[in-house]
Structures are given as C-alpha cells and as structure tokens.
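Participant: Here it is: the structure, laid out below.
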Amino acid sequence: MHAIEDAQALKLLAPNRFVLDWVRDHYIGSIRDVLAELDSNNPIRVELGIGSSTPAVEPPASAPAPPGGEERRRERRAPPTGNLNAAFTFDSFVEGKSNQLARAASLQVAGHPGGAYNPLFIYGGVGLGKTHLMHAVGNLIVQKNPDAQVIYLHSERFVADMVKALQHNAINEFKRYYRSVDALLIDDIQFFAGKERSQEEFFHTFNALLEGQRQVILTCDRYPKEVNGLEERLKSRFGWGLTVAIEPPELETRVAILVNKAAQAGVELPNEVAFFIAKRIHSNIRELEGALRRVIASARFTNRGIDLKFTKEALRDLVALHDRLVSIDNIQKTVAEYFKIRVADLLSARRTRSITRPRQIAMALAKELTGHSLPEIGSAFGGRDHTTVLYACRKMAELRESDNRIAEDYSNLWRILTT
Amino acid sequence: MTATAQQLTLGVRLRDSARFDSFLPGPNAEPLAALRALAEGQGESPLYCWGAAGSGRSHLLQAACQHAGARGRGAAYLPLAEHAVLDPAMLEGLEALPLVCLDDVQAVAGEARWEESLFHLFNRLRERGGALAVTADCAPAALPLALPDLRSRLEWGLVYALAPLDDAQRLAALQLRARRRGFELPDDTGRYLMRRVPRDMPALFELLDRLDEASLAAQRRLTVPFVRGVLGEA
C-alpha cells in the first residue's frame, strides 16, 4: 500500500479492490487505534482508495494510450509503434527447419501488410518464438512505413481494456481505437476462450480491419479449430488467411540460438558448451535461455571463464532434473503406452511391424532426449547392439520425412516427454 | 504503513529479523547477491529460488521486500501458501510496483485461476519493467503446473537451488542471528542446541528466540548448563 499523509488525514492507496477490501476488513480498526494513540484529541482520519502515490515503474514510452477511462481525454492516436519490442526483429530470429515456414510467411506479410495473408495465424507450443516473429513483422512494417500504426498486445490486455471501456461508458472509443490501426497483433488468443463478450467485440474489430485491408496477426498455442471455448465463426475466420505452425527447434537450431543469445550478452560461448546445454534442454527456447542466463550470471559472480566443466557445475541441478524426467525407462513406458503395447514387447526379440516401429521410435527418442550413448541405449533395449540403435535413428529420420503418420507420432511423443 | 516502507503484507507480517544481513550466505551467496541486485532495481527478472522447507526461502523474499522498501522502491510480498484465504484478484495492479515477491508458488500449482492470473501478472510486469522474485519447494520443471505458458516463463529467468547448510554453517547462522539480537551464542552452546533439537533452521531460530527471552529474564548468559535447564523445563 502507498501512504500519503497530510495534517488531518492519512490516505492509504491499495493496488486493487481486493487489497482495499482486505485492509478495510482486517486492519482498519488497528490502524485507527494506532492513530488515535498518537493524538487522542485530534485523531487523524483514514481514507482508503485504489491507486498509487508515485508511478513506481514508468510505463514504456511507446505504450499505446489505452482507450477509456481517464485516458479518454488524452490524445487518442497512439504513437505508431505501440508496444513493439525493438529487440524482436527478423535479424535476431534464428532460423531453422522448425520455424522456416512461419518465418517465410511472416516476411511475406511484413512486405505486403493487409494483402493476401490476412490474418496471419501463427501457432505452436510455448516458448518457440511466436511472439518474436509477430514483433518482427510489426517492426518491419514500421521500418518501411514510419507512419503505420502497429499495435501489439496480449489478449488479456484486449479483454481488460474492453472491460474498462464498458465500465467507463467508452466502448465506442474502444471500438474506434482498435479499428483505426494499420496492423493489430494479438498474442495468445487462446485466452479469449470462454470470454464471450470479448470474442464478440473482437469479431467485429477483426472484420472491420480485414475489410479495411489492415493486417491482423494472431498467435495461439494450438491450431484454431482446436481451441475450446472459442466461437465457431471466429475459428473459421482465423483460417481465412494463412495458418502456420512453429515446431520445437532441432538440436542445431538450439545451438545456434544459444550462440546468438550469448553474443548479444557479449559472451563468447564455446561450441561444446552450447551443445552440452542444447542436448539437455529441448522443451522450449525460454528454458534454453534461462539455462544460458544462469551460466553467464554464475560466471560473472565467480569471475570464472565459461567452459564445459564450469557449465556442468552451474547447471548441475537442472541437468539432474532433466535426466530424471527423461530417462530411457520413462521413454520406454511412454512409447509403450502410446502404442498400447507392453514395455516387455519393446525389449523382446519380436520383429513384427507393430512392435519394431515403436521400438525404433523409442530408440531414436532415447538418442535425442537423453545423454546416453548408442551402446548404452542398445543394452537398455534388451541387450541390442549399438548398430541396431544407429539404424533405428537413421530409419526414423528418413520416415519422419516421408511418412506423415510417423512424423506426427514422433512429435507427439516428443512433446509428451519434454513438457 | 509509511511512505518509506511500502511493503504490502497480507495475513503475515514481514518478520523484522528477515533481512539480507541476517541471512548467512554460506553456499547460497550467489542467489543472495542476485536477489539483492533485483531488490535494488538491477539484476535479472524473473528470479526463481527453490529449496526444501527451512532453506530460507521466505527469509530471502521478505528481506528483498524490506531492502527495496528501504530504498523507496515499492514491493509486494505474497505468501501463496495462504492462498486459501487469498484471491487471484489481488494480483491486479501489482505491476505498478518495481518488485513483486511470490513465496511458495507450488501452493497454487494446479489451480487454474491462480495459474492464469500469475501468467498475466508476469506479462504485465514484464511490459512495465517490474521485477519478479519467486520461491518454491522444487524447480520450475518439476512444478505440477497445468499451464505450460506459466512454466516456460518461470524457466526463463535465473533459477537457483538453495543449498542446505552443513553443521558448521548452521552454527554460524545461529550465531549471526544471536548477534543481530544483541547477544553472543558460544560455540559449545550452539552445538549443544543443534544436537538436542530438530535440525531445521526455523525450529532452531524459534528456540534461539525463546532462549534469548529466558536469558534476559534470568539475567544469565547462554551457557550449556543454563540452556539445559531451560530446555528441561519445556
């Protein structure tokens, strides 16, 4: 709580309604008692409110003027780069097989905003670079046309702004604001699920923007049709433009991301260190960055150079945890369950297709997700030779290219095991 | 609640003794320094410290709030273990503060409303430039979270495991606490205590407080015979 004092009154400001009520219910008596003790003849009044005495954190200079409420009387047009993160550009985006298509589509959109690919719908798991790409498009649009009004916001902010506008009778301002932009970038639209009024409002905003040939870019954690609690008409409209997926980055891309991030922090990362981290952390880029940050921070704190030995020490806990979460045992169990066979089948000498495929998938996953060597994996699969494991890995790489079904099974299992 | 100490405390008070200088760095000097930097407006956010009960999680977070508050930087301390009497609505508007500390985040793992509200708070704080410090009893990857978005954000920052203290460090931590309270704890008395009572630090600190009061009342120093007498009474 923030406190403002003057001669007659103590004004206490709570950050939100909940805290205000809490203080009123639990503490107001004690506060009054204390104040009465200070000067019983002339007790100080206590006033409770919501707000902040000093803006403790400056809002970013480029934040769009939120419509509604107090801000309503201010300049309605936001600065042209509303909330875009300047660090998220195409240059700083590390390209790999997993995100090639999404990147290419985003570049197209940045070159021809409001054109054929509208909306651009980018979907994929957490921490794979959706937000980065979205900002990259926005930044490039503004770079090409400094007058373009590009607004980025998280879906929660859209909902909160709308609620605020409704409370302040400013819904028309809200509509005008969001329908006047040149490009609207909304992140994580799965959080619209179940919020019907927001969906309704967004539906009309979306239509208005598309009709006016303004660009809309959306991200989501899954394919539009798979979002529960989203209106059908929205789902179908999301598919009107271009829908692209981002997959988890493969090892080489993870290494490139680490080297790139380290360079941005002014650190030269030895290759073997990058490979060590990238091999063990495969779920998403945020966790990869977190591990790198920790290594850099520890190196600075202890004043040591970053080599493999140091990295292993700094990430000891993290690595131990991952080894526990993704063990060969765990992979065998998960794969057996997925294909509805028994673990004993995977380890057996049986060579029917219904067993060999899952076995090969499990071996390839073990190679990709654990630090075990080929001979170790072979022996964990019923004492097989390391060449059998090598063959399984090659076969899988080949089948994932040629057989969609197997590619899907593999990436499903990969996701189950790593998240 | 004065303008200089702007901590927001609900349910629990910030313990006066929970300061950075009453925390024995021991094997945890690095997370301690990282948290101090964060409280001073530098350092990396989010910062996530995990460890067993008694590893000093609450001490560290409360110290961070106190440290920030003493520098005129508003800070909020939220003990999520008390979530039964709290509500996710209390997270609204916290992004106006330079530092938000969430203690025992594992307590709300699996609760959809809490998880989503924490996720949104994270995003708003990040947008505004505010810092977030989190503690839990396990690493982010091991939290039973339902929302992967929240997990990946917790994994994004600096993650430290708080290492337990060995016997010598526990003794040093007790003596540091005693000195902060203005009395000396002799080595042999400290070791006697550690043999006699449960080994977790909170229990030891509580006992130390009791002994301090007893020694004040009896006007006696904390010798082994005196302590034996006090413990015998209990």
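The values are calculated or read from the model by the stated rules, or taken from the named source; none is laboratory data. Please read all numbers here as calculations on a predicted model, not as lab measurements. Here the Cβ is made from the backbone with ideal geometry for all residues, glycine too, and neighbour counts use every protein chain on show. For accessibility, only protein heavy atoms count, side chains too; no ligands or nucleic acids. Shrake-Rupley method; radii C 1.70, N 1.55, O 1.52, S 1.80 Å.
Participant: State whether one or more residues within region B:77-84 are in contact with a Phe, Trp or Tyr (Cβ under 7 Å, 6 or more places away or on another chain), open to solvent by 30 Å² or more (accessible area, probe 1.4 Å) and within 13 Å of chain A (Cβ to nearest Cβ).
Facilitator: Within region B:77-84 (the criterion being in contact with a Phe, Trp or Tyr (Cβ under 7 Å, 6 or more places away or on another chain), open to solvent by 30 Å² or more (accessible area, probe 1.4 Å) and within 13 Å of chain A (Cβ to nearest Cβ)), the answer is yes, since at least one residue qualifies.
Participant: Can you tell me how many residues in region B:130-147 are more than 19 Å from the chain's Cα centre (by Cα) and open to solvent by 60 Å² or more (accessible area, probe 1.4 Å)?
Facilitator: Qualifying residue count, region B:130-147: 2.
Participant: May I ask you to list the residues in region A:308-324 that are farther than 30 Å from B:ALA37 by Cβ and within 11 Å of another protein chain (Cβ to nearest Cβ)? Before the answer, list the steps.
Facilitator: First pass over region A:308-324, keeping only residues farther than 30 Å from B:ALA37 by Cβ: A:323-324.
Listed by number, the list holds a single entry, A:ARG324.
Participant: Quickly run through region A:127-157 and pick out the residues that are within 12 Å of chain B (Cβ to nearest Cβ) and either in contact with a strand residue (DSSP E or B) (Cβ under 6 Å, 6 or more places away or on another chain) or surrounded by fewer than 23 Cβ atoms within 10 Å (Cβ to Cβ) (or both).
Facilitator: Matches in region A:127-157: A:LYS130, A:THR131, A:TYR152, A:LEU153, A:HIS154, A:SER155, A:GLU156, A:ARG157.
Participant: In region B:17-45, which residue that is within 12 Å of the chain's Cα centre (by Cα) and away from chain A (no Cβ under 11 Å) is modelled with the lowest pLDDT?
Facilitator: If we take residues in region B:17-45 being within 12 Å of the chain's Cα centre (by Cα) and away from chain A (no Cβ under 11 Å), then B:SER17 is modelled with the lowest pLDDT.
Participant: While we're looking at this one, here's another question. Please specify each residue of region B:20-46 satisfying the condition of being open to solvent by 30 Å² or more (accessible area, probe 1.4 Å) and part of a loop (DSSP other than H, G, I, E, B).
Facilitator: Residues satisfying the conditions are B:LEU24, B:PRO25, B:GLU40, B:GLY41, B:GLN42, B:GLY43, B:GLU44, B:SER45.
Participant: Then there is this: Mind telling me which of the residues B:LEU193, B:LEU121, B:LEU185, B:LEU216 ends up being under 25 Å from B:ASN28 (Cα atoms) and either part of a helix (DSSP H, G or I) or assigned by TED's automatic domain parsing to the domain that holds B:GLU95 (or both)?
Facilitator: B:LEU193
Participant: Of the residues that sit in region B:127-154 and are touching a strand residue (DSSP E or B) at 6+ places or on another chain (Cβ under 9 Å) and either more than 10 Å from chain A (Cβ to nearest Cβ) or in a strand (DSSP E or B) (or both), which one is nearest to A:GLY82 (Cα to Cα)?
Facilitator: Among those that are touching a strand residue (DSSP E or B) at 6+ places or on another chain (Cβ under 9 Å) and either more than 10 Å from chain A (Cβ to nearest Cβ) or in a strand (DSSP E or B) (or both), it is B:ALA131.
Yes/no per residue for (1) closer than 18 Å to B:ALA141 by Cβ; (2) surrounded by 13 or more Cβ atoms within 10 Å (Cβ to Cβ):
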{"position": "A:ASP317", "(1), (2)": "yes, yes"}
{"position": "A:LEU321", "(1), (2)": "yes, yes"}
{"position": "A:ILE328", "(1), (2)": "no, yes"}
{"position": "A:LYS340", "(1), (2)": "no, no"}
{"position": "A:THR356", "(1), (2)": "no, yes"}
{"position": "A:GLN360", "(1), (2)": "no, yes"}
{"position": "A:THR370", "(1), (2)": "yes, yes"}
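Participant: Right, here's the next one. What single numbered condition from (1) under 30 Å from B:PRO148 (Cβ atoms); (2) away from every other protein chain (no Cβ under 14 Å); (3) of a type outside the set (D, E, K, R); (4) touching a residue at least 40 places away in the same chain (Cβ under 8 Å) fails to hold for A:PHE174?
Facilitator: (1)
Participant: Further question: Pull up region A:270-281, narrow it to residues that are over 22 Å from B:LEU47 (Cβ atoms) and surrounded by 21 or more Cβ atoms within 10 Å (Cβ to Cβ), then point me to the one that is nearest to the other protein chains (Cβ to nearest Cβ).
Facilitator: Taking the candidates together, the pick is A:ALA278.
Participant: While we're on this one: Tally the residues that are of a type in the set (S, T, N, Q) and buried (at least 16 other Cβ atoms within 10 Å of the Cβ), restricting the search to region B:173-226.
Facilitator: Number of matching residues: 3.
Participant: Something else now. Return a yes/no flag: does region A:192-201 have any residue that is within 27 Å of A:GLY111 (Cα to Cα) and either surrounded by fewer than 23 Cβ atoms within 10 Å (Cβ to Cβ) or in contact with a Lys or Arg (Cβ under 8 Å, 6 or more places away or on another chain) (or both).
Facilitator: No: zero hits.
Participant: Exactly one of these conditions fails for A:LYS261: (1) outside any helix (DSSP H, G or I); (2) closer than 24 Å to B:ALA141 by Cα. Give me its number.
Facilitator: A:LYS261 satisfies all of (1) outside any helix (DSSP H, G or I); (2) closer than 24 Å to B:ALA141 by Cα except (1).
Participant: Let me ask you something else. Suppose we keep only residues that are part of a helix (DSSP H, G or I) and crowded, with 20+ Cβ neighbours inside 10 Å within region B:102-118. Which one would you say is nearest to the other protein chains (Cβ to nearest Cβ)? I'd like the intermediate steps shown before the answer.
Facilitator: We begin by selecting, within region B:102-118, every residue part of a helix (DSSP H, G or I); these are B:105-108, B:112-118.
Retained after the next criterion (residues that are crowded, with 20+ Cβ neighbours inside 10 Å): B:105, B:108, B:114-115, B:117-118.
On the way: B:VAL105: 15, B:VAL108: 15, B:TRP114: 13, B:GLU115: 12, B:SER117: 10, B:LEU118: 12 Å.
Out of the qualifying residues, it is B:SER117.
Participant: Can you name the residue in region A:383-419 that is part of a loop (DSSP other than H, G, I, E, B) and over 26 Å from A:LEU325 (Cβ atoms) and is also least open to solvent (accessible area, probe 1.4 Å) among such residues? Don't jump to the end; show me each part of the working.
Facilitator: Looking only at region A:383-419, we keep the residues that are part of a loop (DSSP other than H, G, I, E, B), and these are A:383-385, A:403, A:419.
Remaining after also requiring over 26 Å from A:LEU325 (Cβ atoms): A:385, A:403.
Details: A:ASP385: 84, A:ASP403: 53 Å².
The qualifying residue least open to solvent (accessible area, probe 1.4 Å) is A:ASP403.
Participant: For B:LEU97, which of the numbered conditions (1) over 30 Å from A:ARG324 (Cβ atoms); (2) more than 9 Å from chain A (Cβ to nearest Cβ); (3) buried (at least 21 other Cβ atoms within 10 Å of the Cβ) fails to hold?
Facilitator: Single failed check for B:LEU97: (2).
Participant: While we're looking at this one, here's another question. Can you list the helices (runs of 4 or more DSSP H) found entirely within region A:306-380 that contain at least 1 residues being touching a strand residue (DSSP E or B) at 6+ places or on another chain (Cβ under 7 Å)?
Facilitator: A:316-325
Participant: A further question follows. Would you mind stating whether A:LEU120 is crowded, with 22+ Cβ neighbours inside 10 Å and under 25 Å from A:GLY212 (Cα atoms)?
Facilitator: Numbers: crowded, with 22+ Cβ neighbours inside 10 Å: yes; under 25 Å from A:GLY212 (Cα atoms): yes.
Yes.
Participant: Moving on to the next point. Given the conditions (1) touching a residue at least 60 places away in the same chain (Cβ under 8 Å); (2) in contact with a Ser or Thr (Cβ under 7 Å, 6 or more places away or on another chain), report the number of the one that B:GLU82 does not fulfil.
Facilitator: It is condition (2) that B:GLU82 fails.
Participant: Which of (1) farther than 18 Å from B:ALA76 by Cα; (2) surrounded by 15 or more Cβ atoms within 10 Å (Cβ to Cβ); (3) β-branched (Val, Ile, Thr) does A:VAL34 not meet, given it meets every other one?
Facilitator: (2)
Participant: Just need a number here: residues in region A:290-307 that are touching a Phe, Trp or Tyr at 6+ places or on another chain (Cβ under 6 Å) and either acidic (Asp, Glu) or more than 10 Å from every other protein chain (Cβ to nearest Cβ) (or both).
Facilitator: Here the count works out to 1.
Participant: Which condition number in (1) among the basic types (Lys, Arg); (2) free of Cβ contacts under 8 Å to residues at least 24 places away in the same chain; (3) touching a helix residue (DSSP H, G or I) at 6+ places or on another chain (Cβ under 8 Å) is the one that A:ARG300 fails?
Facilitator: Among (1) among the basic types (Lys, Arg); (2) free of Cβ contacts under 8 Å to residues at least 24 places away in the same chain; (3) touching a helix residue (DSSP H, G or I) at 6+ places or on another chain (Cβ under 8 Å), A:ARG300 violates only (3).
Participant: I've got another one for you. Could you name every one of the helices (runs of 4 or more DSSP H) located completely within region A:126-242 that has at least 3 residues being modelled with pLDDT under 90 and in contact with a Gly (Cβ under 7 Å, 6 or more places away or on another chain)?
Facilitator: none
Participant: Residues being among the small types (Gly, Ala, Ser), open to solvent by less than 10 Å² (accessible area, probe 1.4 Å) and within 25 Å of the chain's Cα centre (by Cα): count how many of those fall in region A:284-315.
Facilitator: Summing the residues that are among the small types (Gly, Ala, Ser), open to solvent by less than 10 Å² (accessible area, probe 1.4 Å) and within 25 Å of the chain's Cα centre (by Cα) in region A:284-315 gives 2.
Participant: Hey, among the residues in region A:1-31 that are more than 8 Å from chain B (Cβ to nearest Cβ) and acidic (Asp, Glu), which one's nearest to B:ARG73 (Cα to Cα)?
Facilitator: Result: A:ASP6.
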